[in-house]
Amino acid sequence: AYSTGADLRKIASHAEKIAKGLPEGRKVVETSDVEANVGVSREFSVFELNSALSYRDRAKALDIAAHLGGAAKFALPAVTSMLFMHFNRILKLSALMKARPSASASEKASVAGVPPFALREYDAAAGNYSFDSLKRIISVLVEYDYKSKGGDVSSDLEDSELLKELVVKILSV
């Protein structure tokens, strides 16, 4: 997952750095050469955070939260909004499964508002979080949305720290 994007100048610059860093006579570039000379340039998205939270992958979720929080275009209100939509879909799916355990995959996808190919993740999330814990997560998301918009003047935490705190709270529910 090394990415320089489509900027040809950046690609050429990175290729030059790697070529200069290779030992004399060596022509094969290895992963370690890229890491040592260019570094890892990986953009994480809120969709990957949603997935890590769905599967309750604490380490991955916290890693993604740290990267998202440090991104130049990071906006906590946008992230909390996306997390809210995600967990709201899981809550709807969980309610359906509670009422009708034998619901078909197409019914589940329809109620959750997701394409059928995404249902596996939502099924896993509905299994990983109880109906009551999903309601608590929605409350936590509303609280952090409020904080992200300056609603909690007693908090001196940066938005990036609030995101990490939010992720820990979600995983602790």
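Run the helix sum for the chain: -39,500 (n - 2.57) per DSSP H stretch of 4+ residues, divided by residue count, reported at 222 nm to the nearest 500 deg cm²/dmol.
For the chain, the value works out to -21500 deg cm²/dmol.
Which one, L157, G127, Y144, is farthest towards the positive end of the dipole of region 80-173 when Lys and Arg carry +1 and Asp and Glu -1 on their Cβ?
The Cα lying farthest towards the positive end belongs to G127.
Treating the angle as unsigned and between 0 and 90°, give the value, to the nearest 10°, between the Cα long axis of helix 131-148 and the longest Cα principal axis of the chain.
Compared with the principal axis, the helix lies near 60 degrees.
Which entries in the list K135/K169; K73/K149; K108/K169 go over 18 Å, if you measure between the two C-alpha atoms of each?
With Cα atoms farther than 18 Å apart: K108/K169.
Which angle between 0 and 90 degrees, to the nearest 10, do you get for helix 159-172 versus the longest principal axis of the chain when only C-alpha atoms count?
50
What accessible area per residue, rounded to a whole number of Å², is obtained for region 49-107 using a probe radius of 1.4 Å?
50
If the cut-off is 25 Å between C-alpha atoms, which lysines fall inside it for K27, apart from same-chain ones fewer than 8 positions away?
Output for K27: K10, K17.
Working from Cα positions, state the angle (0 to 90°, nearest 10) between the long axis of helix 76-99 and the longest principal axis of the chain.
Orientation of helix 76-99: about 50 degrees from the principal axis.
Pop out the carbon and sulfur fraction of the accessible area of the chain as a percent, whole number, probe 1.4 Å.
Answer for the chain is 55 percent, counting heavy atoms of protein chains only.
Could you give the length gained by full extension between A95 and I18, i.e. 0.36 nm per residue of separation minus their alpha carbon distance, to one decimal place?
Result: 22.4 nm gained on full extension.
The values are calculated or read from the model by the stated rules, or taken from the named source; none is laboratory data. Nothing here was measured: the structure is a model prediction, and the numbers come from that model. Positions of Cβ are generated from backbone atoms using ideal geometry, with glycine treated the same way; all protein chains shown enter the neighbour counts. All accessible areas refer to the heavy atoms of the entire protein, side chains included, with ligands and DNA or RNA removed. Shrake-Rupley method; radii C 1.70, N 1.55, O 1.52, S 1.80 Å.
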